Amino acid sequence: MKFLEKLIEKSSRKVAQNTSRRHLLTQLSKVMIGVAAVPLLPVARASEGPTNGYPGVGKQTSGLDGDPGDPTSCDYWRYCAIDGFLCSCCGGSATSCPPGTEMSPITWIGTCLNPADGKNYIISYNDCCGKTSCGRCLCNRNENDKPMYRPQANNDINWCLGTSSSVYTCSTGVLLGVAVDE
């Protein structure tokens, strides 16, 4: 252990004798500026190019066989009762939140017709919360929207109240199951 202490002491004294404080501060500031500039470097976003006029958002699929449409488009069949920014344009997907946000456990629901099989499906619209609004792919479709006194089917409420942050980021459309006709 004594050897290690002497080695460190000798190295420190040599650096102190050969460099000035001003030089050390200059070098440290260069490193700090370099580290701060790393996020500004150009990054390849999406190879497909812009979708719906939003650069860096490529065409997506839901991953389900026979599921028609593009989850980054407001015309996607699952979004028949959505109101807000689409998480699929904000770093998430039609069913998952972007990194750094949390999905609200409180939701509103809608029933949407899948044009591929002609069946109605129950869709849970979950808000993702925790960051500022995404501001991309705003979608406001009010099919089967109910008044405020029926909150479980109203899309005009801030549903982030069940999360640690009430700041709205974007909305998802999670397929719950087939709607039963009675």
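The values are calculated or read from the model by the stated rules, or taken from the named source; none is laboratory data. Keep in mind that what you see is a predicted model, and the values were worked out from it rather than measured. Cβ atoms come from the backbone with ideal geometry, glycine included; neighbour counts cover every protein chain shown.
Take E9 and tell me if it is modelled with pLDDT under 80 and either surrounded by 10 or more Cβ atoms within 10 Å (Cβ to Cβ) or touching a helix residue (DSSP H, G or I) at 6+ places or on another chain (Cβ under 7 Å) (or both).
Working: modelled with pLDDT under 80: no; either surrounded by 10 or more Cβ atoms within 10 Å (Cβ to Cβ) or touching a helix residue (DSSP H, G or I) at 6+ places or on another chain (Cβ under 7 Å) (or both): yes.
In short, no.
Give the residues of the range 93-145 that are small (G, A, S), assigned to a loop (DSSP other than H, G, I, E, B) and crowded, with 22+ Cβ neighbours inside 10 Å, sorted by residue number.
Going residue by residue through the range 93-145, those that are small (G, A, S) are 93-94, 96, 100, 104, 110, 116, 118, 124, 130, 133, 135.
Going one step further and asking which of them are assigned to a loop (DSSP other than H, G, I, E, B), we end up with 93-94, 96, 100, 104, 116, 118, 130, 133, 135.
Those that are small (G, A, S), assigned to a loop (DSSP other than H, G, I, E, B) and crowded, with 22+ Cβ neighbours inside 10 Å: A94, S104.
Condition first: surrounded by 16 or more Cβ atoms within 10 Å (Cβ to Cβ), within 18 Å of Y121 (Cβ to Cβ) and either at pLDDT below 85 or within 17 Å of the chain's Cα centre (by Cα) (or both). Now tell me which residues in the range 57-78 satisfy that. Once the filter is applied, which keeps residues that are surrounded by 16 or more Cβ atoms within 10 Å (Cβ to Cβ), within 18 Å of Y121 (Cβ to Cβ) and either at pLDDT below 85 or within 17 Å of the chain's Cα centre (by Cα) (or both), the range 57-78 yields S62, D67, G69, D70, P71, S73.
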